[in-house]
Amino acid sequence: MRIAIAGATGVVGRHTVAAAEARGHDILSLTRGVGFDLERGTGPVGATLASALDGIDAVIDVTSVQTTAAKRSRAFFTAVTEHLLAAERDAGVRHHVALSIVGIDGVDASYFAGKHAQERLVEAGPVPYTILRATQFHEFAEQVTARLSLGRLITPIPVGRYRPVAAREVGARLVELAEGGAVGRARDLTGPREERLVEMVRRMFARDGVRRTVVEFPLPGAYGRASASGVLRGGADADRATIAFDEWLASPDHTPVGARADAPASARGPAPTQRDGGRAAGR
């Protein structure tokens, strides 16, 4: 198959690419690095988005935007989804696979507002579709500490009850779904066990050798209430992935806090002579 992957360099995207290549598929990466701007709907110089998708069998959309503002999230996912679906229609693509979030029904706020907009557009769109909802990723522990740590002394962590899943397993499932026909809403995918976000961060810091106080606090608003309530854990009928958080921590998929380019300077220690590029943000 020829599969186009939107957001191919992100936390889930890189695993989606790896899974697709391992299964022998021909991959087109729809990223800014190779000239695509999906929010504007443009392709590389001299090519439209539709022409770039000519001959593509399926598009997997794992794009994301770093925001907690509902307006920005809606604008991003609306623009990207409309442009992808229009280009897929014109190019004759027969399967659109979108990644969304478990448990967001009734929580049309913050980042979730954009995912609701995306789902509605995909469901009403001109291309046969599959939507996979997955729970929060293990990688979220890395992302939230990079955003919220206050120097070397303290990291405030919002109350969160999840059944987190490895981005690697989400990527593999998306490729499996792309290989089949469109099914509409696929079965949700969750991780193997329930976790509190604050305990995930504490265990990550302990493994990474970070000595910093971690304090849990309630996040206000609908987004915070949903995270704290456990509704984002998924239901009993969801498919269960197999990689638990501690197994993920011990794997190469986890970048230790002090080695991350997005870590506070106090956590990284003295600047090395050379630095690798940072990892792309997740959802």
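The values are calculated or read from the model by the stated rules, or taken from the named source; none is laboratory data. These figures come from a predicted structure and were not determined experimentally. Ideal geometry is used to build each Cβ from the backbone, glycine not excepted, and the neighbour counts take in all protein chains shown. Ligands, DNA and RNA are stripped out before the accessible areas are found, and what is left, the full protein with its side chains, is counted by its heavy atoms. Shrake-Rupley method; radii C 1.70, N 1.55, O 1.52, S 1.80 Å.
Data overview
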item	result
Top-ranked residue of region 86-145 - restricted to ones that are closer than 17 Å to L174 by Cα and hydroxyl-bearing (S, T, Y), ranked as most open to solvent (accessible area, probe 1.4 Å)	Y129
The lone exception for R240 - which of (1) within 15 Å of I154 (Cα to Cα); (2) surrounded by fewer than 19 Cβ atoms within 10 Å (Cβ to Cβ) it fails	(1)
Index of the failed condition, D54 passing every other in (1) exposed (fewer than 14 other Cβ atoms within 10 Å of the Cβ); (2) assigned to a loop (DSSP other than H, G, I, E, B)	(1)
Selection count, region 57-72, where residues are of a type in the set (A, V, I, L, M) and open to solvent by 60 Å² or more (accessible area, probe 1.4 Å)	0
In region 243-257, the residues that are open to solvent by 40 Å² or more (accessible area, probe 1.4 Å) and of a type in the set (A, V, I, L, M, F, W, C)	A250
Filter pass, A75 being free of Cβ contacts under 8 Å to residues at least 60 places away in the same chain, crowded, with 16+ Cβ neighbours inside 10 Å and over 18 Å from the mean Cα position of the chain (by Cα)	no
Verdict on V231 being open to solvent by less than 60 Å² (accessible area, probe 1.4 Å), of a type in the set (V, I, T) and out of contact with any helix residue (DSSP H, G or I) (no Cβ under 7 Å at 6 or more places or on another chain)	no
Qualifying positions in region 149-171 - over 15 Å from H254 (Cα atoms) and buried (at least 20 other Cβ atoms within 10 Å of the Cβ)	S149, T155, I157, G160, Y162, R163, V170, G171
Answer residue from region 138-185, given it is basic (K, R) and within 21 Å of I60 (Cα to Cα) and is farthest from the chain's Cα centre (by Cα) among those	R185
Selection within region 192-203 - open to solvent by less than 30 Å² (accessible area, probe 1.4 Å) and either more than 22 Å from the chain's Cα centre (by Cα) or within 13 Å of I157 (Cα to Cα) (or both)	L197, V198, M200, V201
Selection count, region 29-50, where residues are in contact (Cβ under 8 Å) with a residue 40 or more places away in the chain and either loosely packed, with under 14 Cβ neighbours inside 10 Å or assigned to a loop (DSSP other than H, G, I, E, B) (or both)	4
Options A117, A75, A124, A98: the member that is at pLDDT 95 or above and in contact with an Asp or Glu (Cβ under 8 Å, 6 or more places away or on another chain)	A98
Qualifying residue in region 215-222 (condition: open to solvent by 60 Å² or more (accessible area, probe 1.4 Å), touching a Leu at 6+ places or on another chain (Cβ under 7 Å) and modelled with pLDDT under 95)	no
Within region 1-28, tally of residues that are among the small types (G, A, S) and either open to solvent by 40 Å² or more (accessible area, probe 1.4 Å) or closer than 20 Å to G181 by Cα (or both)	7
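Yes or no, residue by residue, for (1) among the β-branched types (V, I, T); (2) modelled with pLDDT under 95; (3) touching a helix residue (DSSP H, G or I) at 6+ places or on another chain (Cβ under 8 Å); (4) not in a helix (DSSP H, G or I):
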site	(1), (2), (3), (4)
R187	no, no, no, yes
V198	yes, no, no, no
V210	yes, yes, yes, yes
G224	no, yes, no, no
